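Data first, discussion second: the structure below is written as structure tokens.
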Amino acid sequence: FPVTIGKVIFPRGELEPRLFRLCKLLDSMQFAVNSSCGLHVHFDQRGKTFDAVLAKAKIVDKWLYGLRELLPESRRDNRYARFGISQSDRYRAVNVCSFGKHNTLEIRVHSGTCDYQKIIAWIRLCEVLIALNKKPKPGTCIGTLEQLPIAEHDMAYWRARHRVLNSRQYDNNASIS
């Protein structure tokens, strides 16, 4: 997949080193984001029909809804990234309106960050969701996460992130499945 940072498209193989350098630069400039910022990731959909993109968006939206506890609470019910697909409202977790304008499927539900680890983990997770052709089975966030074909180090990252973002669940329970 080609990837866009800002408005520059480049091959996926160049994403990680460029993103790492960008995050280092932003850190050196003491650049910061707040809870009003979001991280938007666009996936190239050139050569696909709108109906195919819409079908993919519906699948991705279901996965993201099941994984919403991996997001800060400010992004779980956010007016700029609501769950559910709309063909006329771009303020959705999965934005199909971007297809008409940019030939992309946009995932815009993650919180804004300059942290390389958070950004790259999110991009990798979204890449897996884009590749899936089936909706998740109902279950908890961790149960939904465990349905994904992701590497163990990525799974460990997301389990730890879930614990940080949902600490109250862990205060009362020995384990979450």
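The values are calculated or read from the model by the stated rules, or taken from the named source; none is laboratory data. Because the structure is a prediction, the values reported are computed rather than measured. In this analysis, Cβ positions are derived from the backbone assuming ideal geometry, glycine residues included, and neighbour counts consider all displayed protein chains. Only protein heavy atoms, including side chains, enter the accessible area calculation; ligands, DNA and RNA are left aside. Shrake-Rupley method; radii C 1.70, N 1.55, O 1.52, S 1.80 Å.
Numbers below:
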item: Search result, residues across segment 148-176 that are touching a helix residue (DSSP H, G or I) at 6+ places or on another chain (Cβ under 7 Å) and at pLDDT below 95; result: 170, 176
item: Meets criteria (open to solvent by less than 50 Å² (accessible area, probe 1.4 Å), over 25 Å from residue 31 (Cα atoms), of a type in the set (A, V, I, L, M) and under 17 Å from the mean Cα position of the chain (by Cα)) for residue 165; result: no
item: Filtered residue count, segment 19-54, keeping only those that are surrounded by 14 or more Cβ atoms within 10 Å (Cβ to Cβ) and of a type in the set (Lys, Arg); result: 1
item: Any hit, segment 58-73, residues being at pLDDT below 95, more than 30 Å from residue 167 (Cβ to Cβ) and within 15 Å of the chain's Cα centre (by Cα); result: no
item: Leading residue by the ranking (farthest from residue 96 (Cα to Cα)) among those in segment 51-84 that are aromatic (Phe, Trp, Tyr) and out of contact with any helix residue (DSSP H, G or I) (no Cβ under 6 Å at 6 or more places or on another chain); result: 65
item: Residue match in segment 76-89 (condition: of a type outside the set (A, V, I, L, M, F, W, C), surrounded by 15 or more Cβ atoms within 10 Å (Cβ to Cβ) and in contact (Cβ under 8 Å) with a residue 60 or more places away in the chain); result: no
item: Among the residues listed as 103, 95, the single one being open to solvent by 20 Å² or more (accessible area, probe 1.4 Å) and not basic (Lys, Arg); result: 103
item: Residue list for segment 62-80, filter: within 19 Å of residue 118 (Cα to Cα) and touching a strand residue (DSSP E or B) at 6+ places or on another chain (Cβ under 7 Å); result: 64, 71, 72, 74, 75
item: Helices (runs of 4 or more DSSP H) lying entirely in segment 41-111 (those with 2 or more residues that are touching a Cys at 6+ places or on another chain (Cβ under 9 Å)); result: 50-66
item: Count of segment 97-110 residues which are within 16 Å of residue 85 (Cβ to Cβ) and under 13 Å from the mean Cα position of the chain (by Cα); result: 5
item: When residues of segment 55-75 are limited to those that are more than 26 Å from residue 169 (Cβ to Cβ) and of a type in the set (A, V, I, L, M, F, W, C), the one surrounded by the fewest Cβ atoms within 10 Å (Cβ to Cβ); result: 55
item: Unmet criterion (only one of (1) acidic (Asp, Glu); (2) in contact with a Phe, Trp or Tyr (Cβ under 6 Å, 6 or more places away or on another chain); (3) at pLDDT 95 or above) for residue 51; result: (2)
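Yes/no per residue for (1) over 12 Å from the mean Cα position of the chain (by Cα); (2) free of Cβ contacts under 8 Å to residues at least 40 places away in the same chain; (3) farther than 19 Å from residue 16 by Cβ:
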| site | (1), (2), (3) |
| --- | --- |
| 112 | no, no, yes |
| 124 | no, yes, no |
| 133 | yes, no, yes |
| 146 | yes, yes, yes |
